[in-house]
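The values are calculated or read from the model by the stated rules, or taken from the named source; none is laboratory data. Computed from a prediction, not measured in an experiment: that's the story for all the values here. Cβ coordinates were reconstructed from backbone atoms using ideal geometry, including for glycine residues, and neighbour counts include every protein chain displayed. Keep in mind that these areas ignore ligands, DNA and RNA; they rest on the heavy atoms of the full protein, side chains included. Shrake-Rupley method; radii C 1.70, N 1.55, O 1.52, S 1.80 Å.
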Amino acid sequence: MYYVDNVPNTEILCPHDNPQGLHLIEDFLSADEEKAFIELFDWEDTDSNLKNRQVKHFGYEFRYGSNDVDLDAPLPQKIPKDCDILWTRLKQIGIDIGPPDQLTVNKYIPGQGIPSHVDRHSPFEPTILSLSLASSVVMDWKHHSGINLPILVPARSMLVMQGEARYDWQHGIQPRTWDPVIERRTVQGRAVKVITGDSVNRGVRISLTFRWTRRGECPCLYKALCDTAPETGEDLDDLVAANLEELHVHQVYEQISRHFSSTRHSAWPKVVEFLREVPPGSVLLDLGAGNGKNILNRSDILQIAGERSIGLLEECKRNVGSVAGADCVRLDMLRAGVRDGCADVVICIAVVHHFSSQSRRAQAVATIARSLRPGGRALITVWAKDQMKSNYLCKKKEKEVHTNSVVEVAGLNLPVHENRTQFQHKDLLVPWKLRGVKENKLDDKPNSTLLRFYHVFEEGELDELCILSDLIVEKSFYEEGNWCVVCKKI
C-alpha cells in the first residue's frame, strides 16, 4: 500500500511584509463618526449600478476604463466639507497632504469586488487615501514580481498609499460573500500573518477613495506600471486585460463547462509520461485543471486540482472524486492562495495562453515557480502559433481564402480566428460552437457560438517566461500544436 507523509496545512503563512509605503491606520474614526459618514454617503440609487458595485464621484468622475479622470470636465459636486476632519487628523499624526480634489465613493454588497488595478500614475499625485466604512474586507495586493499579499482592512480604518504601494503594486477585492480570517502571529521570532482555515461573512461596505489630481508626465521612479514610461513592448493595461479575460475566458468557460468537459476524456501522452516520473509521496498541483482529466489514478501521491471556473470545478469533482489522495479546489492562478514551495510537482496544461498581457502571463508562470519547492519540477504547455506540424489544420480549408472578422473588446480590435486554419495573429478570439449536453449526449447542432481569447506562442516565448521566473528549462519541445516546457526550480 502506498501513502503520503503529510497533507497540506489548511493554514497559509504570509511571510512577506506589507508593501513599502502602505500605511493602515486602524480605528481612524470613532463609531459615532463612522455612523455620521455612512449617513452622509450611503444611498439607494439603482441608476448608478456598475457590474460590481454602486459608485458616486465628487470633484471629477473617475473613469474605470482607463483609471484616470478628465481634468477638463470637473463635476459640480465637490467633496463635502464634512471630510475636512480627515486631513486634519492625518496632519496630527505626521501625514500633511492637504485637502484632495477628487473623491470616489463605492458601495459594495457581499459578493461584489473590484479587479486588481493600479490608479494611473500621471493624473494623480503620490498619495491616495481609502477610508473603509461599515464592514471589513480582505484586499489583495500583488506585485509584478509574483508576490501576492492579502491584507485585512477593518471598518473605520484609513489606508494611505504612497511610494511602492501607490505606484508599483496592484490592489483589488475578490468577488465573494466571505473573507478568510487573517491572524497575526510570531513564528521563529518574526511577526507574520497567517490565513487560517476559518472565514467571516462580509457585510455591506462603503469605501471613500480620495485623490489629488495633476497634469503632465509622471515623475515616479517605478516604471513597471507607469503610463508615461517608455514602451518596452506590447502590453495591455491590467484592468483592460482583466476585463477582456473576464468576458472572453472566464464567462465563456462557465457557459461551456459541460460541453467542454464532454470533449476532454484523457490526459495527453506527454503529460502522462511526465506524471509517471513523479516519485511516490510527492505533492502534485494541477493549476488550471479543467475537468480533471490530468489527475491520474495514483494513490501514492497527493494530487490537488486547482480550477477557477465553478462549472469546470464541478466537472472536475465528478471525475476526480473516486481517485484516492486527490482533491479539487477553486483557485485563481493570478491570486493562487497556496503556500510558497508547497508542491513537488506542478502541471499547467493549456492555461497560460488565456492571459491577455505579457505581464499577466509572466505573473502566471511566477505563480508556478512560487508554488514549487526548491528542486521541484513543472510541465507547462501553451498553444503554438505555428500549426503546420499538427493535426489541427483542415486540408480543405488550406485552399480557401479566409478574411478574419474583427470584434471590439474594451476598445481593442481583436481578430476572430477561422477554426482549423493556420493562426494569422498572436492575440485573437477563437470560436467555440456550444452544444447542449443531456444525459452525456451532445445536441446535434450548436445553439450558439462563443469567443475565447488566446495568445498563441512563438517558439522560445514560453522558455523566456520560465527563465524570467528563475526556472531552469530542462526540456522544450513541440507537441501536436503546443509548445511545452519541462522546467525545474533552482
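Quick notes
- Net charge contributed by nearby residues that have their C-beta within less than 13 Å of I79 (K/R +1, D/E -1): +1
- Per residue, the chain exposes 48 Å² of accessible surface when a 1.4 Å probe is rolled over the protein heavy atoms with every protein chain present.
- Amide H contacts for S157 (H built 1.01 Å from N in the peptide plane; partners 5 or more residues away or on another chain; cut-off under 5 Å): D27, F28, S132.
- Dipole of the chain, positive end: most advanced residue of N106, V416, P154 [Cβ charges, Cα centre]: V416
- Relative packing of 128-140, 90-102, which averages over residues the other C-beta atoms within 10 Å, highest first: 128-140, 90-102
- Per-residue ³J(HN,Hα) for the range 161-176, Karplus 6.51 cos²θ - 1.76 cosθ + 1.60, θ = phi - 60°, Hz, x for Gly and Pro: 10, 9, x, 4, 4, 6, 9, 10, 10, 9, 9, x, 10, 6, x, 8
- Of the accessible area of the range 305-443, computed with a 1.4 Å probe over protein heavy atoms only, carbon and sulfur atoms account for 48 percent.
- Those aspartates and glutamates that a straight Cα-Cα span of less than 15 Å connects to K438, excepting residues fewer than 8 apart in one chain: E315
- Proximal lysines relative to K193, as straight alpha-carbon distance under 25 Å, when same-chain residues fewer than 8 apart are discounted: K142
- Acute angle (nearest 10 degrees) that the helix 358-371 long axis makes with the longest principal axis of the chain, alpha-carbon atoms: 80
- Across the chain, C-alpha contacts under 8 Å between residues 6 or more apart give a mean separation that, scaled by the residue count, equals a relative contact order of 13 percent.
- When each of K317/K441; K270/K475; K385/K441 is checked by Cα-Cα distance, pairs over 22 Å: K385/K441
- Distance between the range 85-158 and the range 337-375 - C-alpha centres, whole angstrom: 28
- Given charges at Cβ of Lys, Arg, Asp, Glu: the range 28-184 dipole, positive-most of F124, H143, Y60: H143
- Spin-label model, I467/D32: points 7 Å from Cα along the beta carbon direction are separated by 6.5 nm.
- With each label modelled as a point 7 angstrom along the Cα→C-beta vector, the W43-E408 pair spans 2.9 nm.
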